[in-house]
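One structure is given here, and the rest of the page talks about it.
The values are calculated or read from the model by the stated rules, or taken from the named source; none is laboratory data. All figures in this text were calculated on a predicted structure; none of them were measured in a lab. Cβ sites come from the backbone with ideal geometry, for glycine too, and all protein chains shown count toward neighbours.
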Amino acid sequence: MSTEGNLNAFNRTHWLLNVDRSRHMLNTTVIDVVIGLVFVYLLLSLMCSAANEMIEGWLKNRAADLERGLRELLKDPKGNGLVKKVYDHPLISGLFEGTYDPQEVGKPAGAG
């Protein structure tokens, strides 16, 4: 085979492999970057959620924060009015043992 024949074969093969990517609707590089960013964001959010739950598990202040929020939302700072009625409702009082005592907000469970 001559050198010219080899060159023609190379040019035909090179032309077949050299696809004009600008005519494609979506560029795969852009899609790869977007998918990578989404996975990094999801991984970071999962790590932050796990760290948040670990800290909450150590501090155990979710119930006290909930009650403080209810008191603020219902404008009952002492917890003797509307907040007490909410906690004494049968659907809510069935979620915890004992009765609602507004004086025990923020105390650890079992502290008398």
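Below is a table of values for the structure above.
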item: Near pairs, Cβ below 9 angstrom, 6+ apart or cross-chain, from segment 35-60 (modelled with pLDDT of 95 or more) to any residue that is of a type in the set (Gly, Ala, Ser); result: none
item: Hits in segment 49-83 - residues which are surrounded by 10 or more Cβ atoms within 10 Å (Cβ to Cβ) and not in a helix (DSSP H, G or I); result: LYS60, ASN61, LEU74, ASP76, PRO77, LYS78, GLY79, ASN80, GLY81
item: Any pair with Cβ under 6 angstrom, 6 or more apart, that starts in segment 84-104 at a residue that is outside the structural domain of LEU74 (by TED's automatic domain parsing) and surrounded by 10 or more Cβ atoms within 10 Å (Cβ to Cβ) and ends at one that is assigned to a helix (DSSP H, G or I) and among the aromatic types (Phe, Trp, Tyr); result: none
item: Single unsatisfied condition, PHE39 versus (1) under 30 Å from ASP101 (Cβ atoms); (2) exposed (fewer than 11 other Cβ atoms within 10 Å of the Cβ); result: (1)
